[in-house]
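I have placed the structure first, in the form of structure tokens, so that the comments after it can refer back to it.
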Amino acid sequence: MISMNLKYKLAFIAVGALAVSSCANHDLIPDISEIGQPVPTCYWEVGSTVCKAGDSFTFLGKYTVEPGRTPERSEVWYLIAREDVAAVSAKLGGSSLNYTASVTLNDTMRTYQSMVEYPHSAAEFNGHEYLLNGTVGVSRTLAPVAWVDAAAWDQKLFNSYYPQGFADDFKKTVVGYLTDEASAPSYYAALRAVYLNYNFTNEQFKAVGLPEIDTTKDDGGTSEKSDLWFSTTEASDDAIVGYYYITYDNTDPEKPKTIYNEVAKDYTPSEGQFIYPVYKSAEWVFCRYDDNSGSIVSSVRPEWLPKFKTLIENIPFQDWIYDSANSCYKVDFSRKYTLKAQYRVYDTDGNEGIAADVREISIN
């Protein structure tokens, strides 16, 4: 009887012998080492990283191949990337608004494609590598585009340059600044400027409860609107129409709300209560002495803000960005293209070598 240990030893010897026999018939190591086939080794330089559309850029390619391999050709491939930068600036509200909206869009217009091919015969051997001097053409259609301070409004051009929804988002933001209760006090002067400078119709004024004006005057009624929208700027007892005191709504502890409680001019404050003057102003204006700033401040009354929102929402987008002082629409659009170029070398067996460096070429 053969012991179990001896059986295991014999089995191990048998497996070892089989492995040696297999190696004699089929060498495993060379198979593993030949999985990756040698490819051409290449490197390149470009004459400039800037090229004019319709022109060409130069390059110097350098390459070698493994012994026993024969170079066949060189190619330059490139990807076309586009960058659009689009902006507009609000002008209707004057310097008090000072709002610019912008967006940057990056896109790949075309993936990598072979743009030029040179046969190996075009290269020269310098004793240790092949050198190829070449040029690559750039299409005229890749010329930069600019649309700035347009003298006339072109809706089709705007639609082709600016992303969908841009105009609506711009208007929503601007109207929000001017009429949202939280931000409106900071944009009081801007809202007044819009009221004065835009040619609203009396039908629009009437619809929101604002006084009608005489639009037949030489200034289109601007001076009358200025008289209607007034507020006190210098403190005097004669200008006081009442008083107010402050309380706080702490329903939301993180955002306590200041409440201005107006009272009549003959109001008698309770012990320890502070009251401050309210001054003459337009019906929709709250003109008051502000103890924090030590001056008279004005704001549109909260109950009037929805009415002004309805009024100014009707203003077309392009009218918001019209610069009357310079007779232009404040658009600022630019489009530029960049090439991301690769150098590739092929041998007669179809092996491809790609230079590690991707060269970026800006088109001007």
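The values are calculated or read from the model by the stated rules, or taken from the named source; none is laboratory data. What you see is a predicted model; the values in this text were computed from it and never measured. Because the Cβ atoms are built from the backbone with ideal geometry, glycine has one as well, and the counts that use them run over all protein chains shown. Remember, those area values only see protein heavy atoms, side chains included, never the ligands or the DNA or RNA. Shrake-Rupley method; radii C 1.70, N 1.55, O 1.52, S 1.80 Å.
Some values worked out for this structure:
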read-out: Selection count where residues are assigned to a loop (DSSP other than H, G, I, E, B) and in contact with a helix residue (DSSP H, G or I) (Cβ under 6 Å, 6 or more places away or on another chain), scope the stretch 80-98; value: 4
read-out: Unmet requirement for S89, which otherwise passes all of (1) surrounded by fewer than 14 Cβ atoms within 10 Å (Cβ to Cβ); (2) closer than 30 Å to Q164 by Cβ; value: (1)
read-out: Pair list, Cβ under 6 Å, 6 or more apart: the stretch 104-128 residue modelled with pLDDT of 95 or more, other residue of a type in the set (S, T, Y); value: M115/Y78; Y118/S74; A123/Y130
read-out: Leading residue by the ranking (nearest to the chain's Cα centre (by Cα)) among those in the stretch 235-251 that are under 24 Å from W304 (Cα atoms) and loosely packed, with under 10 Cβ neighbours inside 10 Å; value: T251
read-out: Considering residues of the stretch 188-224 that are without any contact (Cβ under 8 Å) to a residue 24 or more places away in the chain and open to solvent by less than 20 Å² (accessible area, probe 1.4 Å) only, the residue nearest to the chain's Cα centre (by Cα); value: G221
read-out: Residue satisfying all of: in the stretch 163-178; of a type in the set (A, V, I, L, M, F, W, C) and more than 14 Å from L191 (Cα to Cα); least open to solvent (accessible area, probe 1.4 Å) among these; value: F170
read-out: Selection from the stretch 238-268 of residues that are outside any strand (DSSP E or B) and modelled with pLDDT under 95; value: N250, T251, D252, P253, E254, K255, P256
read-out: Subset of the stretch 328-357 [in a loop (DSSP other than H, G, I, E, B) and open to solvent by 70 Å² or more (accessible area, probe 1.4 Å)]; value: T348, D349, A356
